[in-house]
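Working notes, beginning with the structure itself.
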Amino acid sequence: MKKRIAVLPGDGIGKEVVKGAIEVLQAVGERFGHQFYFSYGKIGGTAIDAAGTPLPDETMELCKESDAVLLGAVGGPKWDRQPPHLRPERGLLKIRKELNLYANLRPTHYYSSLSDTSPLRKEVIEGVDMLMVRELTGGLYFGKPSERTQQNGEDAVVDTLFYQKEEMHRVIKLAFELARKRRGKVTSVDKANVLESSRMWREVAEEISNQYPDVILEHMLVDNAAMQMIKNPKQFDVVVTENMFGDILSDEASVLTGSLGMLPSASISENGPYLYEPIHGSAPDIEGKNAANPIAMILSAAMMLRLSFGMEEEAEAIENAVNQVLDAGYRTRDIASFGKKQVSTSEMIEEVKATLLDNEAILNIMGAYA
Ligand code: NAD
């Protein structure tokens, strides 16, 4: 198969981890006989520096012409004082809107080899397998007005939480479809005791639930969900929620796997191309130190193979290689623990590649621990 992939490394560690995804995909191409064509575009602070805008038109064109988009991360202190329209994150919001990426899928599952890196007890996290479905193109991050203002001569500010009912409908329906292929449970997270938007969200979830008698629907207030995710994360199968709640809860979910550097994501639209990115940011504190964990980005590439290209076996090959490397004791700094071998970003990428290309490589790795 031949596929065109738009690659947007972005800022900070985005560049370092994207390199990992590309090299691993090249290894997949070599092993399975596919040709992946990578074309690079700018986004975020890098694009502001080069073109004066966080999302240049050429980048959008490139994405629209491609079969899928891989994105690293954007942002950094260099651009923190920019006016709102010239902030790196604005590029991220715009690409989501322009590609109509209405749902962000964030799987979280338990890695037995990482049980010692989670702050939670093994018996709490063992067996966690959760899929967060976050609405991505509505809510507070897009509603207008969003501005500083004046009220009675005093400084004031407004952000707007706006949703059309249809925007809620399509993402909640997707959650039910996904639950049907998993363990058949949807937890819809809202703040219906306070917010009118959440009361509509709940009604829509109930309406859709009538069409899915085989799927259990439960409602949970977001504050309770934040607690339950730590207290009893195994209760969750598919969690669906609006944009900002999903943003916050999925970072919380990363604690379950041990690090933000482990969580991949896929953003999907009705007509494609889909976009794949790790859930973490540009991590300026470790930029340039060859210390970032590339696994979230590599697993995002695996999601791309599965969801955009229908390459299930190839996606599993990447996931198995990651599991084997972790089982063999290789750890980047964020998931390091006593008795394991700490490696750099580039060493972790090499291990995953070698394992993918030649299963004998893993035997050599294990030999080093014998
Ligand atoms: P962050 O996710 O960049 O970092 C949070 C912490 O996690 C840091 O200590 C960082 O070192 C660590 N971390 C993150 N990814 C890691 C990885 N792969 N390996 C090892 N450690 C990792 O969040 P932040 O510090 O709040 O934000 C930094 C910048 O990133 C800001 O400009 C923010 O706006 C931006 N951001 C971008 C995205 C995105 O591009 N999707 C998401 C979140 C934040």
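The values are calculated or read from the model by the stated rules, or taken from the named source; none is laboratory data. Computed from a prediction, not measured in an experiment: that's the story for all the values here. When we count neighbours, we look across all protein chains shown, and the Cβ atoms used for this are built from the backbone with ideal geometry, even at glycine.
Quick notes on this structure:
- Filtering segment 265-278 to residues that are over 18 Å from ARG333 (Cβ atoms) and either within 11 Å of the ligand (Cβ to nearest atom) or of a type in the set (D, E, K, R) (or both) leaves SER265, SER267, GLU270, LEU275, GLU277.
- Helices (runs of 4 or more DSSP H) contained entirely in segment 170-265, each with at least 1 residues that are of a type in the set (Phe, Trp, Tyr): 196-209, 243-257
- Scanning segment 65-75 for residues that are farther than 15 Å from THR53 by Cα and either within 12 Å of the ligand (Cβ to nearest atom) or not charged (D, E, K, R) (or both) gives SER66, ALA68, VAL69, LEU70, LEU71, GLY72, ALA73.
- Every pair of residues 6+ apart whose Cβ atoms lie under 7 Å, when the first sits in segment 311-325 and is closer than 21 Å to SER115 by Cα while the second is modelled with pLDDT of 95 or more and of a type in the set (D, E, K, R): VAL325/GLU351
- Within segment 65-84, tally of residues that are part of a helix (DSSP H, G or I) and touching a helix residue (DSSP H, G or I) at 6+ places or on another chain (Cβ under 8 Å): 4
Condition check ((1) in contact (Cβ under 8 Å) with a residue 40 or more places away in the chain; (2) touching a strand residue (DSSP E or B) at 6+ places or on another chain (Cβ under 9 Å); (3) on the phi < 0 side of the Ramachandran plot; (4) surrounded by 15 or more Cβ atoms within 10 Å (Cβ to Cβ)) across all residues:
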position: THR117; (1), (2), (3), (4): yes, yes, yes, yes
position: LYS122; (1), (2), (3), (4): no, no, yes, no
position: ILE125; (1), (2), (3), (4): yes, no, yes, yes
position: MET130; (1), (2), (3), (4): yes, yes, yes, yes
position: GLY138; (1), (2), (3), (4): yes, no, yes, yes
position: TYR141; (1), (2), (3), (4): yes, yes, yes, yes
position: LEU174; (1), (2), (3), (4): yes, yes, yes, yes
position: ALA179; (1), (2), (3), (4): yes, yes, yes, yes
position: SER197; (1), (2), (3), (4): yes, yes, yes, yes
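- Test: ASP57 is surrounded by fewer than 23 Cβ atoms within 10 Å (Cβ to Cβ) and away from the ligand (no atom under 16 Å from the Cβ): yes
- Criterion violated by SER250 - all others in (1) more than 20 Å from ILE95 (Cα to Cα); (2) of a type in the set (Ser, Thr, Tyr); (3) near the ligand (Cβ under 10 Å from one of its atoms) satisfied: (3)
Residues checked against (1) on the phi > 0 side of the Ramachandran plot; (2) among the hydrophobic types (A, V, I, L, M, F, W, C); (3) modelled with pLDDT under 95:
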position	(1), (2), (3)
MET227	no, yes, no
PRO233	no, no, no
ASP237	no, no, no
MET244	no, yes, no
GLU252	no, no, yes
VAL255	no, yes, yes
PRO264	no, no, no
ILE268	no, yes, no
ASN271	no, no, yes
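- One residue alone among LEU356, LEU326, LEU307 is within 16 Å of GLN26 (Cα to Cα) and either more than 11 Å from the ligand (Cβ to nearest atom) or surrounded by fewer than 23 Cβ atoms within 10 Å (Cβ to Cβ) (or both), and that residue is LEU356.
- Given (1) of a type in the set (Ser, Thr, Tyr); (2) buried (at least 17 other Cβ atoms within 10 Å of the Cβ); (3) within 27 Å of LEU305 (Cα to Cα); (4) modelled with pLDDT under 95, number of the condition TYR102 does not satisfy: (4)
- Verdict on SER282 being closer than 24 Å to ILE335 by Cα, part of a helix (DSSP H, G or I) and within 16 Å of the ligand (Cβ to nearest atom): no
- Residue in segment 50-67 that is of a type in the set (A, V, I, L, M, F, W, C) and free of Cβ contacts under 8 Å to residues at least 12 places away in the same chain present: yes
- Residues (surrounded by 14 or more Cβ atoms within 10 Å (Cβ to Cβ) and hydrophobic (A, V, I, L, M, F, W, C)) located in segment 181-195: VAL186, VAL189, ALA192, LEU195
- Residue in segment 20-29 that is closer than 17 Å to LEU305 by Cα, in a helix (DSSP H, G or I), within 11 Å of the ligand (Cβ to nearest atom) and touching a residue at least 60 places away in the same chain (Cβ under 8 Å) present: yes
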